[in-house]
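Notes follow the structure.
The values are calculated or read from the model by the stated rules, or taken from the named source; none is laboratory data. None of these values were measured; they are calculated from a predicted model. Here the Cβ positions follow ideal geometry from the backbone for every residue, glycine too, while neighbour counts run over all protein chains shown.
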Amino acid sequence: GNSVTQMEGPVTLSEEAFLTINCTYTATGYPSLFWYVQYPGEGLQLLLKATKADDKGSNKGFEATYRKETTSFHLEKGSVQVSDSAVYFCALNGYGGATNKLIFGTGTLLAVQP
Amino acid sequence: DARVTQTPRHKVTEMGQEVTMRCQPILGHNTVFWYRQTMMQGLELLAYFRNRAPLDDSGMPKDRFSAEMPDATLATLKIQPSEPRDSAVYFCASARTGVEQYFGPGTRLTVT
């Protein structure tokens, strides 16, 4: 079945460091891929998305490229800030757009220290 | 700035009591999801609706949980009777068909 695997956290970085959070997926067909972010005490917010192979999603300095050959959608940011501290979820919609049902990874906690 | 709203934000109740959580989806969104988040299990999909009809509630314990959409602007999740293991944060999310989900702020439920 469809699934998403994320790297285990927590990821602890100093401010201005480079961030990579790995995400790989298993899916039939051509899923859409998403990164959601959850700040403390809040719901999940869509950070970025990509709907087909080689698409790059980007937002707020974060980027992720849909790599079909490696079934990956790694999240990157060149210079993290303390305000980026949050839990990041990778997700896929593998149902051909007929439904919005998402499959989420387990989440990766990012802690950025000043 | 349209948002999903959820009430109450926090609920503390005793075991055996009925709990009702409410969600107002974004106007124009026709799909509503209920999730439960715990440290142990992470984010779990409990049920979802399209055009107010339940499409999938396989993630929901049927004996005590029920979800409904009385109208297009209100979704409810009820637990009766509640148990300590139901303590979690419950999220509602809404979407238009084929588009990404927008999450509410959640209801933090504590059952003592």
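Before we move on, is B:Arg9 under 10 Å from the mean Cα position of the chain (by Cα), of a type outside the set (Phe, Trp, Tyr) and closer than 21 Å to A:Tyr39 by Cβ?
For B:Arg9, the condition - under 10 Å from the mean Cα position of the chain (by Cα), of a type outside the set (Phe, Trp, Tyr) and closer than 21 Å to A:Tyr39 by Cβ - is not met.
Please enumerate the residues belonging to the stretch A:67-93 that are touching a Ser or Thr at 6+ places or on another chain (Cβ under 8 Å), in a loop (DSSP other than H, G, I, E, B), surrounded by 14 or more Cβ atoms within 10 Å (Cβ to Cβ) and among the hydroxyl-bearing types (Ser, Thr, Tyr).
Listed by number, the list holds a single entry, A:Thr71.
Evaluate the following for A:Leu33: is it part of a strand (DSSP E or B) and modelled with pLDDT under 95?
yes
Can you name the condition, by its number, that A:Gly57 falls short on among (1) within 14 Å of chain B (Cβ to nearest Cβ); (2) among the small types (Gly, Ala, Ser); (3) assigned to a loop (DSSP other than H, G, I, E, B)?
(3)
Spot the failing condition for A:Leu48; the list is (1) in a strand (DSSP E or B); (2) in contact with a Ser or Thr (Cβ under 8 Å, 6 or more places away or on another chain); (3) more than 12 Å from chain B (Cβ to nearest Cβ); (4) not polar (S, T, N, Q), and only one is missed.
Condition (3) is where A:Leu48 drops out.
I'd like the residue in the stretch B:53-112 that is hydroxyl-bearing (Ser, Thr, Tyr), in a strand (DSSP E or B) and farther than 24 Å from A:Leu46 by Cα and, out of all such residues, is farthest from the chain's Cα centre (by Cα).
B:Thr110
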